[in-house]
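Comments concern the structure below.
The values are calculated or read from the model by the stated rules, or taken from the named source; none is laboratory data. Just so it is clear, the structure is predicted and the values come from calculations on it, not from any experiment. In this analysis, Cβ positions are derived from the backbone assuming ideal geometry, glycine residues included, and neighbour counts consider all displayed protein chains.
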Amino acid sequence: MEQLLAGIKALEFNQVFMYVIGGVLIYLAIKKDYEPMLLLPIGFGAILTNLPVIPGIPGIASDEGILGILRNAGILNELFPALIFVAVGAMIDFTPLLQMPSMFFFGAAAQFGIFMTIIFAYLLGFDIKEAASIGIIGAADGPTSIFATTRLARHLLGPISVAAYSYMSLVPMIQPIVIKALTTKKERRIRMEYKEVKISKSVKILFPIAVTIIAGIIAPMSATLIGFLMFGNLIRECGVLERLSQSAQNELANLVTLLLGITIGSTMTAEAFINWNTIKILLLGLVAFIFDTAGGVLFAKFLNLFVKKKYNPMVGAAGISAFPMSARVIQKLAKEEDPTNFILMQAASANVAGQIGSIIAGSMVLALLS
Amino acid sequence: MSNKLIELLVFGMGTTFLVLILFYFLVKLLVKVFSER
């Protein structure tokens, strides 16, 4: 009888609270469609991790348990984020960016939120490495956040991952408010010329190789993520590895996403999650996305002071890494102001530039703090 | 504000811009050299 009641006796209130948190994430995934591929496994992982542990039997999230084994094998050594990037690289078509390379500038400007959030987090009492991990939520890029956090502040992996993925799904709500606050109706109606430049296959093949070499030399910390992102893209563009490209886009992406989500959930133990720092991190995640958007929009307005062909400042906001959601949001806003204005291609270009920019910015933070 | 934060802001944003500006010129060059015939 004693043995049958061991689980009930070991149950703590904090663990029950985590079941509720896990349930909320699962609800958001299913009912609200907020990043369901990640929030659902994270939510379920959080429930599994907080099941009571009976003395003498390893818990599911302990180092000997299956979630602990997955955590050590896939997250703490950066394997899963790197594999996700192979899949992302195979999914991304860089052609719009190759046609409009000036969009690279917005991919840099929209990383402003990372650095502002680091400052705010530091002022709120986090140490510099914790602040940097929190700031990288502003990369709007889950794998980069996980990659940086495992190196700088592992104990914050749970709340940072949840914040990163939650805010990514809230881009359609956050960005329009910031954009409308910083632009006039006239600016939002600016039309941008789109020239259909033919990009040769040689360029598409050489681009990922050259980017890897340049980034690897200037920011060696970015070698893992940029290297794997560009490897995935090279598989896509080379034209002779169609099967591998399809596998990376489908099987690899699905499998790693599945394991990544539930393993992140395993970091959400009650002790690590239920504290004021989690609330601060969730708030700082919002700050990061606001400043990212503001950085992109204000930089576009700044460029407009000097150029003849004006940029629609909303395109600057698409320089965050949340692809393709941000580009769609920008096109929707442009259409609201002028139903005949079409800036999706420009926004998509800035958006893929943001993918590269977020990795470079995240790697620079790592390099400066290593 | 600590020097480390200012260093992060200046070098972090600066290098991000620098690398992406290099990519801008890289693409310009590649498109010019390997133009579609």
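Side notes on the structure shown:
- Helices (runs of 4 or more DSSP H) wholly inside segment A:1-111 that include at least 2 residues being more than 23 Å from A:L225 (Cα to Cα) and of a type in the set (A, V, I, L, M, F, W, C): A:6-10, A:13-31, A:36-49, A:66-70
- Being among the small types (G, A, S), within 30 Å of A:R151 (Cβ to Cβ) and part of a loop (DSSP other than H, G, I, E, B) holds for only one residue in A:S321, A:S363, and it is A:S321.
- Close pairs (7 angstrom Cβ cut-off, 6 or more residues apart or separate chains): under 17 Å from A:L98 (Cβ atoms) in segment A:222-241, among the aromatic types (F, W, Y) and crowded, with 23+ Cβ neighbours inside 10 Å anywhere: A:L229/A:F85; A:G232/A:F85; A:N233/A:F94
Residue-wise test of (1) surrounded by fewer than 17 Cβ atoms within 10 Å (Cβ to Cβ); (2) in contact with a Pro (Cβ under 9 Å, 6 or more places away or on another chain).
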position: A:I264; (1), (2): no, yes
position: A:E271; (1), (2): yes, no
position: A:W276; (1), (2): yes, no
position: A:L283; (1), (2): yes, no
position: A:V287; (1), (2): no, no
position: A:A300; (1), (2): no, yes
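- Consider segment A:107-129 and keep the residues that are β-branched (V, I, T) and surrounded by fewer than 24 Cβ atoms within 10 Å (Cβ to Cβ). The one that is farthest from A:V365 (Cα to Cα) is A:I119.
- Test: residue in segment A:227-249 that is under 30 Å from A:L51 (Cβ atoms), buried (at least 16 other Cβ atoms within 10 Å of the Cβ) and of a type in the set (S, T, N, Q): no
- Sole exception among (1) away from chain B (no Cβ under 14 Å); (2) assigned to a helix (DSSP H, G or I); (3) among the aliphatic types (A, V, I, L, M); (4) surrounded by 19 or more Cβ atoms within 10 Å (Cβ to Cβ) for A:I190, by number: (2)
- Count of segment A:34-53 residues which are of a type outside the set (F, W, Y) and either under 14 Å from A:Q15 (Cα atoms) or free of Cβ contacts under 8 Å to residues at least 24 places away in the same chain (or both): 11
For (1) away from chain B (no Cβ under 14 Å); (2) within 30 Å of A:L344 (Cβ to Cβ); (3) surrounded by fewer than 23 Cβ atoms within 10 Å (Cβ to Cβ); (4) of a type outside the set (K, R), each residue gets a yes or a no:
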position: A:I60; (1), (2), (3), (4): yes, no, yes, yes
position: A:E64; (1), (2), (3), (4): yes, no, yes, yes
position: A:E78; (1), (2), (3), (4): yes, no, yes, yes
position: A:F85; (1), (2), (3), (4): yes, yes, no, yes
position: A:V88; (1), (2), (3), (4): yes, yes, yes, yes
position: A:P101; (1), (2), (3), (4): no, yes, yes, yes
position: A:F105; (1), (2), (3), (4): no, yes, no, yes
position: A:I146; (1), (2), (3), (4): yes, yes, no, yes
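- Filtering A:V203, A:V197 for residues that are crowded, with 18+ Cβ neighbours inside 10 Å, touching a residue at least 40 places away in the same chain (Cβ under 8 Å), within 14 Å of chain B (Cβ to nearest Cβ) and of a type in the set (V, I, T) leaves a single hit, A:V203.
- Evaluation of A:A367 against (1) surrounded by fewer than 24 Cβ atoms within 10 Å (Cβ to Cβ); (2) more than 14 Å from every other protein chain (Cβ to nearest Cβ); (3) modelled with pLDDT under 90 (one fails), failing number: (2)
- Of all the residues in segment A:302-320, those that are over 27 Å from A:I359 (Cβ atoms) and touching a helix residue (DSSP H, G or I) at 6+ places or on another chain (Cβ under 8 Å) number 2.
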